[in-house]
Structure formats: C-alpha cells, structure tokens
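Down below is the structure, laid out as structure tokens.
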Ligand SMILES: *Cc1c(COP(=O)(O)O)cnc(C)c1O
C-alpha cells in the first residue's frame with residue numbers, strides 16, 4: 001500500500017438500478033414515472049432565456065422555493081431544495097446527525113441510508129421490519145442519534161400510518177427525525193402538518209417519482225424555519241449553486257400544474273390496483289403497496305429466475321440479493337400497455 005492510501009476516504013458506493021437504453025424495452029426497475037412531465041415544463045423550457053446562463057443561478061432557487069411554499073401552504077423559510085432528494089438527505093445527515101450516537105433506520109429500506117452513514121462516519125443501527133414488512137414503531141423508542149425512514153417504505157411499498165409516524169417523532173424530542181416521502185403522493189398521508197407541532201421533524205419529498213422528473217434532479221424538505229436555516233448554512237458551506245437555472249424554472253412550472261399531477265397519479269394508482277389483482281391470480285404475494293411499485297414474490301418460482309427470464313425479454317425489474325428479500329422482485333408501475341406486456345409474459349412463462 002502506498003503511504004497516501006492510508007488517508008483515502010474509502011467507501012462502498014450506492015449501486016443505482018441500471019439504466020439500459022434499448023428500443024422496445026420495458027423499464028420497471030428504478031421507480032421512474034412512465035408518463036412525461038407536465039406540458040408546463042416544456043413551456044418553461046421554451047420561454048427560457050439562454051442568455052441568462054452567463055450568470056450564476058439564484059443560490060436560493062427562490063422561484064422554485066416560492067412555488068413549493070405556495071403549493072403546500074407553507075412559508076418559503078420552511079422549504080429547503082436540493083439536487084434530488086438524495087442531495088437533500090445527504091445535507092440532512094451532514095447537518096443533524098453529529099451526536100456520535102447511532103442513527104436508526106429499518107433493516108430493509110432505501111439502500112442509500114447506510115452509504116451516507118458510512119461516508120460521514122455516522123454510526124447506525126438497523127431495526128428489523130416485522131414479518132409483514134412493517135416498521136415497528138417501538139424499535140425507535142431508544143436512545144439514538146437520529147431517525148430516518150421512508151414512508152411509504154422502499155422497496156416494500158408499505159405505508160406506516162400517520163399516527164405511528166407521529167409517535168416516533170414525539171418519542172424522539174432530542175434528535176431529528178427525517179420522514180422520506182419519496183412515494184407519499186401515490187396513496188399516503190403526508191407528515192407535513194407535523195412540522196407545526198414538532199421542531200425535530202423534516203419531511204423530504206422529490207420530483208423524481210410523482211412529478212415525472214427524475215432526470216431534472218429536484219428534491220425538497222419541509223421543516224421549521226430553524227431547521228431550514230441550519231440546512232442552508234451547511235449547504236452554503238459546501239456548494240452554493242447546486243441547482244441550475246433550467247431546473248429551477250422547470251421545477252417551478254411543474255409544481256404549478258396541479259391538474260396534470262393529479263391525472264398521472266390517478267392513472268398510476270389505477271394501474272397498480274389491476275396489476276396487483278392479476279399477479280395474485282398468477283400465484284404472487286405482496287405487501288399492500290401505497291407507492292408506484294409492487295414488491296412481489298411467487299409461491300414456487302424463485303425471484304432470481306424470474307428476474308433473468310424477464311431480462312431476457314428486455315423487461316427490467318429490480319432484484320436485491322440481500323437477506324430476507326432475496327426471493328422478491330420490485331416492479332415499478334408503468335403504463336397500462338407496459339404492464340399488460342409484463343403480465344402477459346408472466347402468464348406464458350408460469351404456465
Ligand atoms: C427515489 C428515492 C429517493 C431519491 O430520489 P431523488 O431522485 O434523489 O430525488 C429518496 N428516497 C427514496 C426512498 C427513494 O426511493
């Protein structure tokens with residue numbers, strides 16, 4: 001080993017789902033929205049003045065923050081934005097998880113949580129989900145350095161009732177609790193109103209799933225003015241100009257199109273309901289999902305085999321070779337047409 005290597009920050013990076021690009025493929029592996037962004041986004045792009053690229057973007061991303069504040073009935077000072085919720089969450093870790101005590105999150109959850117903990121040298125303890133893949137709130141009633149969980153959880157799709165989310169926040173007054181609501185729009189109730197009642201909660205959401213803009217990279221957090229101020233102090237000590245001008249304009253335009261947002265959500269939820277029924281007839285079981293994906297397992301055919309068979313057909317789903325979930329597949333809800341092809345393939349393969 002060369003002597004400088006002793007001082008390298010060594011990390012095992014997060015592995016994102018693959019991004020194949022094949023004509024005719026069906027991509028159900030990274031929970032993207034199958035529908036395009038709001039037409040208002042295209043309009044914002046048309047209106048965009050490229051001459052303004054000469055200038056740095058607004059470091060506060062003011063127009064986007066204002067649009068979000070208006071849409072959610074909050075003050076701009078209660079909104080933090082970042083380059084995808086991954087950026088927002090990383091900033092939250094850096095800002096709030098510094099006690100030296102272990103932070104808590106579920107054993108089966110978003111696989112970035114332990115990656116950030118390792119990157120920042122934050123100890124953590126994983127709390128096992130119960131046999132039905134539900135979070136047990138009591139597991140979070142112990143001394144800790146902070147709490148984070150997605151609601152609905154990923155990759156299970158299971159929603160924790162809002163009353164239980166509140167119990168976890170209420171029982172942890174000395175640390176920050178982060179509720180990662182990447183999938184909340186697909187059928188859950190947001191914890192957002194709790195920011196008025198508790199000064200230790202951050203509610204994080206993203207444009208990547210329900211707003212069809214994974215490629216634009218926009219995430220945001222709601223919290224008390226005090227929490228948002230601390231987050232901004234850290235952000236401005238790291239990189240002030242995180243969001244580019246295009247993204248700020250397009251993001252603001254997307255938030256303003258409520259009708260389109262509702263319309264695509266309703267389509268995805270309706271598709272999820274019929275796909276679930278079809279899969280159950282084919283011998284699959286799955287927890288009840290309130291997200292834009294299903295977490296399925298077949299009564300006789302191993303998940304790994306199905307994953308390979310689907311892949312050979314250019315149908316991409318997600319397989320996690322991890323304890324407790326190595327016989328499960330996570331399948332993003334696509335368009336009706338995509339899901340019909342998915343179900344038809346399984347019908348033929350399984351009979
Ligand atoms: C997709 C996802 C994110 C990250 O989304 P961004 O694209 O970075 O906004 C965060 N948390 C969970 C649970 C997710 O599934």
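Would you kindly give the portion of the calculated P(r) for the stretch 110-154 that falls above 17 Å, as a percent of all Cα pairs? Kindly include the intermediate steps, with their values, before the conclusion.
Details: 356 of 990 pairs.
Here the tail beyond 17 Å accounts for 36 percent of pairs.
Can you figure out the FRET efficiency of residue 162 with residue 4, using R₀ = 56 Å and their beta-carbon distance, to the nearest 0.05?
0.65
When the helix-only estimate is applied to the chain (DSSP H runs of n ≥ 4, each -39,500 (n - 2.57), divided by the residue count), what is the mean residue ellipticity at 222 nm, nearest 500 deg cm²/dmol?
My calculation for the chain gives -11000 deg cm²/dmol from helical runs alone.
Which of 274, 246, 116 comes first, and how do the rest follow, when ranked by fewest Cβ neighbours within 10 Å?
On the way: 274 13, 246 16, 116 21.
By the 10 Å Cβ count, ascending: 274, 246, 116.
Ranking 247, 156, 285, 189 by Cβ neighbours within 10 Å, fewest first, what do you get? Don't skip to the answer; put the middle values down first.
Details: 247 21, 156 27, 285 12, 189 15.
The most exposed by this proxy come first: 285, 189, 247, 156.
Select from 82, 24, 51 the residue whose mean-square fluctuation is largest in a Gaussian network model of the chain (Cα-Cα springs shorter than 10 Å).
51
If you rank 65, 79 by fewest surrounding Cβ atoms within 10 Å, what's the result?
Details: 65 24, 79 21.
Result, fewest neighbours first: 79, 65.
Beyond 22 Å, what share of the Cα-Cα pairs of the stretch 225-321 remains, rounded to the nearest whole percent? Numbers along the way, then the final one.
Values: 2695 of 4656 pairs.
So the portion of pairs separated by more than 22 Å is 58 percent.
Please compute the contact order of the chain in relative form: average sequence separation of alpha-carbon pairs under 8 Å and at least six residues apart, divided by the residue count, as a percent.
On the way: 606 pairs, mean separation 84.8, N = 351.
Value for the chain: 24 percent.
Sort 141-152, 67-78 for me by packing, meaning the mean count of neighbouring Cβ atoms within 10 Å per residue, highest on top.
Numbers: 141-152: 21.6, 67-78: 15.9.
So the order, starting with the most tightly packed, is 141-152, 67-78.
Quick one: plug the Kirkwood hydrodynamic radius of the stretch 39-256 (C-alpha pairs) into Stokes-Einstein at 4 °C, 1.567 mPa s, and report D in µm²/s. Present the calculation step by step, with values, prior to reporting the outcome.
Values: Rh = 17.7 Å.
In µm²/s, the coefficient rounds to 73.
So if each residue of separation counts as 0.36 nm, and I subtract the Cα-Cα distance between residue 311 and residue 54, what length gain in nm does that give?
On the way: separation 257, 0.36 × 257 = 92.52 nm, distance 4.46 nm.
Extending this stretch completely gives an extra 88.1 nm.
Just so you know, all these numbers are worked out from the coordinates, no wet-lab data involved. Note that the coordinates shown come from a computational prediction; the quantities given were computed from them, not determined experimentally. So basically every Cβ, Gly included, is an ideal-geometry build from the backbone, and we count neighbours across all protein chains shown.
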